[in-house]
Structure formats: structure tokens, C-alpha cells
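Engineer: Just passing along the structure, written as C-alpha cells.
The values are calculated or read from the model by the stated rules, or taken from the named source; none is laboratory data. Computed from a predicted structure; not experimentally measured. Reconstructed Cβ throughout: ideal geometry from the backbone, glycine too, with neighbour counts over all protein chains shown. Ligands, DNA and RNA are excluded from the accessible area calculation, which covers all protein heavy atoms including side chains. Shrake-Rupley method; radii C 1.70, N 1.55, O 1.52, S 1.80 Å.
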Amino acid sequence: MIMRPSSVLALVLDFTIWLTIVLPSFGSNLPDSSPRRRAPLALQGRQQVPNVTAPNSYGISPVSLSDDQQTYYVVLQAGEISFRAALDTGSSDLWLMSTDCSSKTCTSVPRYPLSYDSPTFVAVNNNATTFNVSYADGTGASGFVARETFEVANVTMENQAFGVVTESNVTMDDDVSGILGLGFARLSQIYYTTTNATPFIGSLSEQGILDYPLFGLSLTRNATGTLSIGAVDVSIVQNTSEIVWNEVVPFSPLGTQANTSGYFYWAIHMSSFAVNQTSLTPIPTYPGPTDNSSIALLDVGTSGLYGPYQDVTRLFALFPGSRLVDSSGQWVVPCDSSATMSFSFGQGNTFVLQPSDYMIGPAAGNPELCLTWPKALPPSSDGVDWQLGTPFLRTVYSIFSYGIDDKEPPMIGLYPRNNASAPVESFAALESFFSVESATIATTLPNYLLATPTYSTPAYAFNTSVAAAFGEIVSSELATSTYVPIVGTQSVNASALPKVSDAFTFIVTEADGAVITSTYHVSQPSVVLGVPPGWSGAGILRAPGVGLCLSLLATLVFAGRMF
């Protein structure tokens with residue numbers, strides 16, 4: 001699992017590939033102790049990306065959950081070659097394993113074939129510009145920077161800079177070959193080492209390629225999720241007026257990285273959290289620099305929920321019978337606890353999690369106790385106290401609006417998928433869920449109470465001599481100013497958002513005149529992973545039902561774009 005670093009000095013690279021379940025102190029298995037952290041990286045000056053004319057576009061792609069239920073991935077095309085890439089809103093760089101990487105972790109997944117002369121591959125500095133990602137647990141990936149044409153969700157970005165990995169000990173599962181970072185440019189290593197190397201979403205936004213500079217995520221527990229780029233998936237969002245918009249938090253520059261403030265994380269202010277109807281106000285680690293508010297990072301690359309000890313301890317005090325069971329910050333609650341958990345942002349907009357959303361599963365040796373999110377973490381010097389990963393993001397449809405230079409700050413739109421007024425799900429329903437998901441954790445909990453650890457607070461990482469005003473509209477680094485604002489802080493015209501749907505309808509007229517209408521959802525067509533057209537040696541990735549859909553085609557009505 002690659003997750004947030006202990007300091008923004010390291011830059012964030014957090015996506016979930018592993019969930020290490022281990023508790024050495026008493027031989028049990030618990031979720032990974034904390035988000036995995038990037039090691040420090042020196043930064044250079046900002047590089048400009050030219051604004052070029054390109055046709056506006058949008059698209060949608062299926063999103064799948066890996067078999068170990070830790071990683072969400074899409075299938076993308078690098079040139080003519082298809083790969084699975086993990087989605088990550090906590091990092092910004094796009095990178096793929098290459099055939100020059102011979103370690104076991106590389107050879108077990110499809111790799112970008114450097115022996116293939118891709119017509120759209122462009123060398124950068126004769127492949128001498130290094131790409132290097134390292135982690136505090138000793139894992140990492142390195143290689144060089146190159147350029148290639150990438151297609152994601154039917155949207156194409158030519159000459160996109162990416163990391164070509166030639167050495168790695170990062171374990172990838174489910175034939176996932178790399179990472180698609182969806183964050184801001186200030187979080188990218190490639191951006192600071194390569195000229196004209198804005199990350200993927202930033203490139204599409206700066207060059208005005210998208211219908212609107214945003215992307216949306218629908219996450220499920222199977223392969224029915226979606227990633228929409230340039231538009232909102234209205235097969236999920238039935239009423240765009242119900243989207244709750246939140247301003248993304250800006251940060252002062254990091255050291256001498258820049259002399260202006262800007263955007264690093266897809267992070268928003270958290271106003272409260274609650275168990276049932278008992279609400280608590282978060283206690284920020286750095287109240288001065290963070291406007292006396294706690295900051296929450298929304299991260300598809302993290303498989304759990306994490307918060308600071310000062311908040312998580314108070315949250316679990318609202319659960320009778322809860323206790324800390326691991327020095328890494330893992331709590332348990334009685335499995336029959338009848339409670340919802342909720343998080344509120346902005347002006348009190350509340351999003352509710354049912355027990356099946358936040359409970360991890362019962363302990364095999366103590367089946368009456370369930371491991372649960374959130375886990376507690378020591379203070380992080382970047383001031384991001386909360387990290388809301390997939391347990392939260394599955395309860396909403398999330399929209400990440402990139403912002404517009406001189407016109408509109410970045411915004412996150414949240415569309416609730418859970419009914420906030422619904423009663424707490426029954427214990428019988430929760431037990432059934434655990435059984436279907438095989439959620440029992442092979443562990444025996446300690447039979448003694450653990451003391452809550454204490455930590456010293458590190459120095460704040462950002463240069464606060466340069467002010468960062470909440471909701472500020474910066475003059476560069478966001479989408480081109482040719483866009484007309486839709487979701488700005490002054491007013492929101494949600495009905496004007498570009499719309500796309502993953503639903504499509506086949507209308508079949510049989511020989512006797514009978515009309516049969518069937519509704520399907522977008523599926524990944526058959527592709528060969530890691531192999532250019534005409535090559536052999538890779539398995540076929542087939543989507544169930546695609547052949548059936550094609551054979552049924554008589555009259556096709558495709559709800560691709562809607563106005």
C-alpha cells in the first residue's frame with residue numbers, strides 16, 4: 001500500500017496496492033498501521049506548458065476493484081498498448097513498469113515494451129532525465145522520463161510525460177502495471193524535472209481539451225465503477241443540484257519551491273464528525289496555518305480512513321465497548337454496535353456511513369469484536385489531519401473540478417449515495433455482508449488495554465510567510481482561462497455541467513415485430529494487456545457480456561452525451 005508521506009517535503013504518492021495485515025506483537029493480522037510515506041525529494045523551478053488548440057472532449061471508463069479489494073484501476077492506452085493503472089487522487093505522476101525492469105515485481109505484470117518502436121513514443125533528454133519514487137518502508141520505483149500518447153476514458157492526451165520504470169520493488173497485483181496520478185502539478189516529481197510536463201489531468205485542463213476541467217469517480221465493490229473525464233456521470237448523479245460543492249484548500253509554497261501559494265492536494269475543510277447524532281468538532285494539529293480548521297484529503301488510492309489521535313480517540317469514545325488494540329492506531333468496536341458514522345464539510349453538509357461502510361470485519365479470535373475505520377495517525381507536518389479513502393468515497397459520487405486560472409478555484413463536489421435519514425442497518429444485515437465479503441480478519445486481539453500513545457508535533461512544512469487564502473483564485477497552474485466558470489465560489493450552475501452516462505440501451509426488433517429493450521453499462525472491451533497490436537504473448541482481458549451485447553445489436557441508442 002503506497003500512501004501519504006509523513007511530510008509534504010516528500011510529496012504525496014498514495015495509492016493502495018497492498019493492505020499489509022500484520023500485528024507482530026501478538027501474532028495477529030490487522031490492517032496496515034499507517035499510510036505509506038514518500039521519502040524526501042528536492043524540487044526545482046516550475047515549467048510552463050503551452051496552451052494549444054485541441055477539440056473539446058469528454059469520456060467515461062469502467063473502474064474495477066482488485067481481487068484483494070485494495071486497488072481501484074482503469075484500463076488505459078499508452079500509444080497502442082493497453083495497461084491497467086491504479087487510480088490515485090493523492091499523487092500526480094503517471095508511471096508504468098517497463099520491459100527494462102527485470103525484478104520479480106516487474107516481471108509479474110504486463111510492462112511497457114521498450115523494444116517496440118511506438119510511433120508516438122518521444123524520448124526526453126535521450127532518456128537521461130531520471131524518475132525516482134521512494135517510500136519510507138524501503139520500497140520504490142525508478143527509471144526515466146519519456147513521452148507517449150495516452151488515452152484514458154476515451155480522452156486522448158498526446159506527448160504526455162510519464163515515468164518509465166526500470167527498477168522497482170513495489171508489488172503490483174491483478175496485472176496492474178503502474179499508477180495514474182490525478183493530482184495537481186505541485187505534487188508531481190516529473191513536473192519539476194522536465195520542461196512542459198504537467199500531469200495528465202492538468203495537461204488536459206491547461207490545453208482546453210476537456211469539455212470542462214473536471215473528472216468524476218463512482219466507486220463500487222466490484223467492476224461497475226466509473227471514471228468520467230470532462231463530464232459528470234449522470235447515470236449516478238440523478239439531480240446535479242444536489243451536488244454539495246467544497247472549495248479545495250490552498251497551501252503556502254513548500255520552502256523555496258515557489259513564491260506564490262497554490263494547490264497541492266484534493267483536500268477540503270472538515271467541519272465535524274459524528275457517531276449517530278453526537279457531533280464533535282475536529283481539533284486541527286496546526287490551527288494557525290489551517291484557519292483553525294481540520295483538512296481532509298479525499299484519496300481514491302487509500303483503502304481506509306485515517307485521522308489524528310486527538311479526533312479518533314474522541315470518536316471511539318462514543319462507541320461503548322471500543323478499545324485500541326494496536327500501537328499503530330487500530331480500534332475495535334462490538335460488531336453489534338448500532339451506529340452510523342458521519343463526516344461534515346463546509347456549511348454542515350453531512351455524509352453518512354453505515355456499519356458495513358466503516359467496519360473492516362470481525363477478529364477470528366474475538367468474533368464479537370470488529371476492526372474498524374478510522375485508524376489514528378501521528379501528526380503530519382503538512383497539516384492534513386484526515387485522509388478519507390475508499391470507505392468514504394464509495395458512499396458518494398465525487399467530482400474533482402480542477403479550477404480555472406484567474407476565474408475559479410478548484411472544487412470538490414460530493415453527491416451522496418447513502419440516504420442520510422435511513423435507519424442504521426441491522427446486525428443481521430451486517431453479518432450477511434461480512435459473510436459475503438469474507439471479511440473475517442485472521443487475528444486474535446490482545447487481552448489487555450493499550451494506552452493511547454503521545455507524539456510530538458513536527459514543525460509545519462509550508463512557508464507561511466507567503467499567505468494562502470482559502471478559496472483563492474490563482475493566476476496560473478489551473479485550467480486555461482478560456483473556460484467559462486460553472487462551479488465557482490460565487491455561484492454554481494450545476495445544470496450546465498457536461499454530462500455523460502455509463503448506461504446504454506439496445507433496442508432489438510425481432511422477426512415477428514416484437515421490440516425488446518435492454519439496458520447495459522459500459523464495459524471494457526477485449527484488449528491485450530502490455531502487447532502492441534500484432535504481437536503475441538499476453539492474455540486477453542475480456543469483459544463479461546461484451547460479445548453478447550455486440551451480437552444483439554440491431555438498433556443502438558447510446559446515451560453517451562446528454563444535454
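Engineer: Of all residues being assigned to a strand (DSSP E or B) and of a type in the set (Val, Ile, Thr) in the stretch 268-288, which is nearest to Ser380 (Cα to Cα)? Just the residue, please. So that I can check it myself, show each step before the final result.
Structural biologist: If we filter the stretch 268-288 for residues that are assigned to a strand (DSSP E or B), which is where we start, we get 268-275, 278-280.
Narrowing further to those that are of a type in the set (Val, Ile, Thr): 268, 275, 278.
On the way: Ile268: 16, Val275: 25, Thr278: 27 Å.
So, considering only residues that are assigned to a strand (DSSP E or B) and of a type in the set (Val, Ile, Thr), the one nearest to Ser380 (Cα to Cα) is Ile268.
Engineer: Does Val75 satisfy the criteria of being β-branched (Val, Ile, Thr), in a strand (DSSP E or B) and open to solvent by less than 10 Å² (accessible area, probe 1.4 Å)? First the steps, then the outcome.
Structural biologist: On the way: β-branched (Val, Ile, Thr): yes; in a strand (DSSP E or B): yes; open to solvent by less than 10 Å² (accessible area, probe 1.4 Å): no.
Against the criterion (β-branched (Val, Ile, Thr), in a strand (DSSP E or B) and open to solvent by less than 10 Å² (accessible area, probe 1.4 Å)), Val75 does not qualify.
Engineer: Still on this model: Can you go through Ile412, Ile399 and tell me which one is over 30 Å from Asn463 (Cβ atoms), of a type in the set (A, V, I, L, M), open to solvent by less than 10 Å² (accessible area, probe 1.4 Å) and at pLDDT 95 or above? Spell out the reasoning first.
Structural biologist: Working: Ile412 fails: over 30 Å from Asn463 (Cβ atoms).
Answer to the selection: Ile399.
Engineer: Report yes if Ser475 is buried (at least 19 other Cβ atoms within 10 Å of the Cβ), of a type in the set (S, T, N, Q) and either farther than 30 Å from Ala363 by Cβ or touching a residue at least 40 places away in the same chain (Cβ under 8 Å) (or both), otherwise no.
Structural biologist: Numbers: buried (at least 19 other Cβ atoms within 10 Å of the Cβ): no; of a type in the set (S, T, N, Q): yes; either farther than 30 Å from Ala363 by Cβ or touching a residue at least 40 places away in the same chain (Cβ under 8 Å) (or both): yes.
Taking the combined requirement at face value, the residue does not satisfy it.
Engineer: Taking the stretch 316-332, which residues are more than 27 Å from the chain's Cα centre (by Cα) and under 14 Å from Tyr358 (Cβ atoms)?
Structural biologist: Passing the criteria: Leu318, Phe319, Ser322.
Engineer: Could I ask something else about it? Just need a number here: residues in the stretch 441-472 that are within 29 Å of Thr395 (Cβ to Cβ) and surrounded by fewer than 16 Cβ atoms within 10 Å (Cβ to Cβ). Before the answer, list the steps.
Structural biologist: First, pick out the residues of the stretch 441-472 that are within 29 Å of Thr395 (Cβ to Cβ): 441-443, 445, 452, 470-471.
Subsequent filtering for residues that are surrounded by fewer than 16 Cβ atoms within 10 Å (Cβ to Cβ) retains 442, 452, 470-471.
Matching residues across the stretch 441-472 total 4.
Engineer: While we're looking at this one, here's another question. Considering each residue of the stretch 182-217, count those that are touching a Leu at 6+ places or on another chain (Cβ under 7 Å) and at pLDDT below 95, and give that number.
Structural biologist: 3
Engineer: Having 3 or more residues that are under 19 Å from Val527 (Cα atoms) and out of contact with any Phe, Trp or Tyr (no Cβ under 6 Å at 6 or more places or on another chain) is the bar; report the strands (runs of 3 or more DSSP E) wholly within the stretch 134-182 that clear it. Before you say what the answer is, go through the steps one by one.
Structural biologist: Details: elements: 140-152, 155-168, 176-181.
Passing ranges, in order: 140-152.
Engineer: Let me ask something additional. Can you work out which of the residues in the stretch 494-520 that are surrounded by fewer than 13 Cβ atoms within 10 Å (Cβ to Cβ) and not aliphatic (A, V, I, L, M) is farthest from the chain's Cα centre (by Cα)? Walk me through it before giving the result.
Structural biologist: If we filter the stretch 494-520 for residues that are surrounded by fewer than 13 Cβ atoms within 10 Å (Cβ to Cβ), which is where we start, we get 495, 509-519.
Okay, now just the ones that are also not aliphatic (A, V, I, L, M), so 495, 509-510, 512-513, 517-519.
Working: Ser495: 25, Thr509: 42, Glu510: 44, Asp512: 49, Gly513: 48, Thr517: 35, Ser518: 32, Thr519: 29 Å.
By that ranking, first place goes to Asp512.
Engineer: Being open to solvent by 10 Å² or more (accessible area, probe 1.4 Å) and not in a loop (DSSP other than H, G, I, E, B) is the filter here; which residues of the stretch 193-215 pass it?
Structural biologist: Thr193, Glu206
Engineer: Is there any pair with a first residue in the stretch 155-179 that is farther than 17 Å from Asn132 by Cα and a second that is of a type in the set (Asp, Glu) and open to solvent by 50 Å² or more (accessible area, probe 1.4 Å) whose Cβ atoms are under 6 Å apart and which are 6 or more apart or on different chains, and what are they?
Structural biologist: From the stretch 155-179, the pairs are Asp173/Asp68; Asp174/Asp67.
Rundown of residues vs (1) crowded, with 20+ Cβ neighbours inside 10 Å; (2) within 15 Å of Val300 (Cβ to Cβ), yes/no style:
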{"position": "Thr129", "(1), (2)": "no, no"}
{"position": "Val152", "(1), (2)": "yes, yes"}
{"position": "Ser168", "(1), (2)": "yes, no"}
{"position": "Gly183", "(1), (2)": "yes, yes"}
{"position": "Gln189", "(1), (2)": "yes, no"}
{"position": "Leu217", "(1), (2)": "yes, yes"}
{"position": "Ser228", "(1), (2)": "yes, yes"}
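Engineer: Any idea which of Tyr116, Tyr112 is farther than 28 Å from Gly208 by Cβ, open to solvent by 30 Å² or more (accessible area, probe 1.4 Å) and aromatic (Phe, Trp, Tyr)?
Structural biologist: Going through Tyr116, Tyr112 in turn, just one is farther than 28 Å from Gly208 by Cβ, open to solvent by 30 Å² or more (accessible area, probe 1.4 Å) and aromatic (Phe, Trp, Tyr): Tyr116.
Engineer: May I ask you to list pairs of residues, at least six apart or on different chains, whose Cβ atoms are under 7 Å apart, with the first in the stretch 413-439 being more than 13 Å from Ser338 (Cα to Cα) and the second being open to solvent by 50 Å² or more (accessible area, probe 1.4 Å) and in a strand (DSSP E or B)?
Structural biologist: Final answer for the pair search is Ala420/Thr350.
Engineer: So which of Val332, Val312, Val325 is crowded, with 19+ Cβ neighbours inside 10 Å, in contact with a strand residue (DSSP E or B) (Cβ under 6 Å, 6 or more places away or on another chain) and in a helix (DSSP H, G or I)? It would help to see each step written out before you state the result.
Structural biologist: On the way: Val332 fails: in a helix (DSSP H, G or I); Val325 fails: in a helix (DSSP H, G or I).
From the options Val332, Val312, Val325, the qualifying one is Val312.
Engineer: For the stretch 251-261, does any single residue satisfy the condition of being crowded, with 21+ Cβ neighbours inside 10 Å, in contact with a strand residue (DSSP E or B) (Cβ under 7 Å, 6 or more places away or on another chain) and not aromatic (Phe, Trp, Tyr)?
Structural biologist: no
Engineer: Keeping to the stretch 476-513, report how many residues are among the polar types (S, T, N, Q) and either in a strand (DSSP E or B) or in contact with a Cys (Cβ under 7 Å, 6 or more places away or on another chain) (or both). Quick ask: steps written out before the conclusion?
Structural biologist: Pass one, the stretch 476-513, residues among the polar types (S, T, N, Q): 476, 480-482, 489-491, 493, 495, 501, 505, 509.
Among the residues that remain, those that are also either in a strand (DSSP E or B) or in contact with a Cys (Cβ under 7 Å, 6 or more places away or on another chain) (or both) are: 505, 509.
The total comes to 2.
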